[in-house]
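Input: a single structure, listed below in structure tokens.
Derivation of every value follows stated rules applied to the coordinates shown; laboratory data play no part. As the structure is a prediction and not an experimental result, all values here were calculated from the model. Note: ideal-geometry Cβ built from the backbone for every residue, glycine included; neighbour counts use all protein chains shown.
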Amino acid sequence: MRRKIVVGNWKMNKTVAESTELASAVVAALGSDCSACEAGIAPTYPALDAVGRTIKGSEVLLVAQNCHYEDDGAFTGEVSTGMLNALGCSYVIIGHSERRQYFGETDATVNLRIKKVLAAGMKAILCVGETLEERESGAFEAVVSTQVTGGLQGVVDISDIVIAYEPVWAIGTGRTASSEQAQEVHKIIRNKVAELYGAPAADAVRIQYGGSVKPSNAAELFAMPDIDGGLIGGAALKAEDFAAIVKAAC
Ligand code: PEP
């Protein structure tokens, strides 16, 4: 039985003060109701330390939105896995479609980051998903399979990997994949993992859905056999909504 995981990606939102306020509200709204699943929040880099202190002692996990693949050095604007580890991050989101779309992430750089996160002793959330054009042309299966294979190249053990299927056309658009559409792609991803790592690993790997998940659609999505939780954007900025989504997974 896979333990569901719900992570709130706050993206480039909230000052440090606003972030600690939201983190406290998330902890309060969840109460002790979330032990059946994992819940995490991913604030901006400047807020990681303060949010980490705020959620300390709760069951909410600290998550980073990205990292670089070098240890240190002349990489202006970047943050290393060592820095994130020292702040108590449990997971790092890698290859979010906004990173791929606006910041030139490729499967190759995603792969370097994934390996660095694992080497640092943290867990990685590998994001994959097709654009609207790729969905409409029917290329989504090939696109997502290539992203999974490329992102995991050379990764021997995937027990610290979570995969997030996030159709680009559903992110921040209010347009959610139907539970059947999402299930279809989650199954494709699980089959690809089975091909690469064998059936037991495929059975164990958790695959989150992301793309306009709300309290009103979370339960239906999470009830699908291959959907193991969610990566939540907009709805994670409201503590009550995020908590309702987590509770739908528990
Ligand atoms: C995301 O960016 O990971 C996401 C799923 O965003 P939203 O929930 O706002 O669609």
Legend entry - Student exercise, segment 82-158 dipole from Lys, Arg, Asp, Glu Cβ charges, in Debye to nearest 20: 480 debye
Inset, instruction - Please work out the C-alpha center-to-center distance from segment 155-170 to segment 1-50 and express it in whole Å. - result: 19 Å
Inset, instruction - Excluding residues fewer than 8 places away in the same chain, name every one of the aspartates and glutamates whose C-alpha is closer than 18 Å to that of Lys115. - result: Glu70, Asp71, Asp72, Glu78, Glu105, Asp107, Asp157, Asp160
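Holding the Cα-Cα limit at 31 Å, pick out from Lys123/Lys192; Lys56/Lys187; Lys11/Lys192; Lys14/Lys187 the pairs that are longer than that.
Numbers: Lys123/Lys192 20 Å; Lys56/Lys187 35 Å; Lys11/Lys192 29 Å; Lys14/Lys187 35 Å.
Pairs exceeding 31 Å: Lys56/Lys187; Lys14/Lys187.
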Inset, instruction - Pick out which of Pro215, Pro167, Pro43 has the largest mean-square fluctuation in a Gaussian network model of the chain, springs linking Cα atoms closer than 10 Å. - result: Pro215
Inset, instruction - Using Cα pairs closer than 8 Å and at least 6 residues apart in sequence, work out the relative contact order for segment 138-230, in percent. - result: 35 percent
Inset, instruction - Using Cα positions and a limit of under 17 Å, work out the lysines in reach of Lys247, with same-chain residues fewer than 8 apart set aside. - result: Lys4, Lys214, Lys238
Inset, instruction - Using amide H atoms built 1.01 Å from N in the peptide plane, name the residues 5+ places from Ile232, or on other chains, whose amide H lies under 5 Å from its own. - result: Val7, Gly8, Asn9
Inset, instruction - Based on other C-beta atoms within 10 Å, arrange Glu38, Glu240 from fewest to most. - result: Glu240, Glu38
Inset, instruction - Over the Cα atoms of segment 4-249, compute the convex hull volume and normalise it per residue, giving Å³. - result: 114 Å³
Legend entry - Cα convex hull of segment 1-101 - mean projected area over all directions, nm²: 7.3 nm²
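What full-extension length gain, to one decimal in nm, is calculated for Glu195 and Glu136 as 0.36 nm per residue of separation minus the Cα-Cα distance? Intermediate results must be reported in sequence, preceding the final value.
Working: separation 59, 0.36 × 59 = 21.24 nm, distance 2.58 nm.
Extra length available between Glu195 and Glu136 comes to 18.7 nm.
Going by how many other Cβ atoms sit within 10 Å of their own, how do Arg135, Arg53 line up, fewest first?
Values: Arg135 19, Arg53 14.
Lowest to highest Cβ neighbour count: Arg53, Arg135.
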